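**Student:** Structure in structure tokens, see below.
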Amino acid sequence: MMRKAVILYSSGLDSTTCLAIAQDQGFTPYAISFDYGQRHRHELDLARANAKKLGAVEHLVVAFDLRQVGGSALTSEIEVPKEGVGHDIPVTYVPARNTIFLSFALGWAEVLGAYDIFIGVNALDYSGYPDCRPEYIDAYQRMANLATKAGVEGTGQFTIHTPLINLTKAEIIRQGTALGVDYSQTHSCYDPTPEGLSCGVCDSCRLRLKGFSEAGLNDPLRYV
């Protein structure tokens, strides 16, 4: 019998590849997305349109407003930087975002009887977010098994899968392409136009374009 898995799915390049990998590994995917007040809301339109087309049995969109917290260029009026990927944690970092996302995913997984959660974090070609590192994921997995009824009673042990964490963006794209991922149906830009066109110069666009270039492939998205 195929095991259920909750997949954190934003319609981004990484999360879409992650969903395809989970299916390839024999999991039945349940996709979860988040409407958290992000300025790049075009990703939600794609997520709603494509999750079930990509094979998700269910697609849950959890709504909450991180604009009340702010502190990020993605959830406040701070300008999205366009100068290139630097060495410091950028202002596009959303405080505690992956901890919040994983907590919703963990709760849903426990209700579904699913003990596998997939998240498309990456610690190589990325913007330096602290909640994308292997030591963070390891700590969260330990916490998940301490903080849940299933973990305490021993009915199941939760595993946080991070199949992309040690891959370059080019390697991610090559793997996704081999699995048939249609990257024209993904979105990466932090500051898209109202029509959904990617800016081409924010950190996320730069990393995406670099990945396609290094993979020897053309990015199918439209840019400003």
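The values are calculated or read from the model by the stated rules, or taken from the named source; none is laboratory data. A quick note: this is a predicted structure, and the numbers were derived from the prediction, not measured. Cβ atoms come from the backbone with ideal geometry, glycine included; neighbour counts cover every protein chain shown. Side chains included, ligands, DNA and RNA excluded: accessible areas come from the protein's heavy atoms. Shrake-Rupley method; radii C 1.70, N 1.55, O 1.52, S 1.80 Å.
**Student:** Just a yes or no: is a residue in the stretch 63-71 touching a strand residue (DSSP E or B) at 6+ places or on another chain (Cβ under 8 Å) and of a type in the set (F, W, Y)?
**Tutor:** yes
**Student:** Still on this structure, please answer the following. Does L106 fit the bill of being of a type in the set (A, V, I, L, M) and out of contact with any Ser or Thr (no Cβ under 9 Å at 6 or more places or on another chain)?
**Tutor:** No; evaluated as a whole, the condition is false for this residue.
**Student:** Tell me, which helices (runs of 4 or more DSSP H) wholly within the stretch 108-224 include 3 or more residues that are closer than 17 Å to A20 by Cβ?
**Tutor:** 169-178, 203-215
**Student:** Name the pairs: first residue in the stretch 53-79 and within 22 Å of G26 (Cβ to Cβ), second residue assigned to a helix (DSSP H, G or I) and open to solvent by less than 30 Å² (accessible area, probe 1.4 Å), Cβ to Cβ under 8 Å, at least 6 apart or on different chains?
**Tutor:** Correct list of pairs: L54/T16; L54/L19; L54/A20; G55/L19; A56/L19; H59/A47.
**Student:** Report, ordered by the first and then the second residue, all pairs with beta carbons closer than 6 Å, sequence separation of six or more or different chains, a first member in the stretch 1-13 that is open to solvent by less than 10 Å² (accessible area, probe 1.4 Å) and at pLDDT below 95, and a second member that is hydrophobic (A, V, I, L, M, F, W, C) and part of a loop (DSSP other than H, G, I, E, B).
**Tutor:** If the second residue must be hydrophobic (A, V, I, L, M, F, W, C) and part of a loop (DSSP other than H, G, I, E, B), no pairs are left.
**Student:** Among the residues in the stretch 214-224, are any touching a residue at least 40 places away in the same chain (Cβ under 8 Å), more than 18 Å from the chain's Cα centre (by Cα), crowded, with 19+ Cβ neighbours inside 10 Å and under 27 Å from G86 (Cβ atoms)?
**Tutor:** yes
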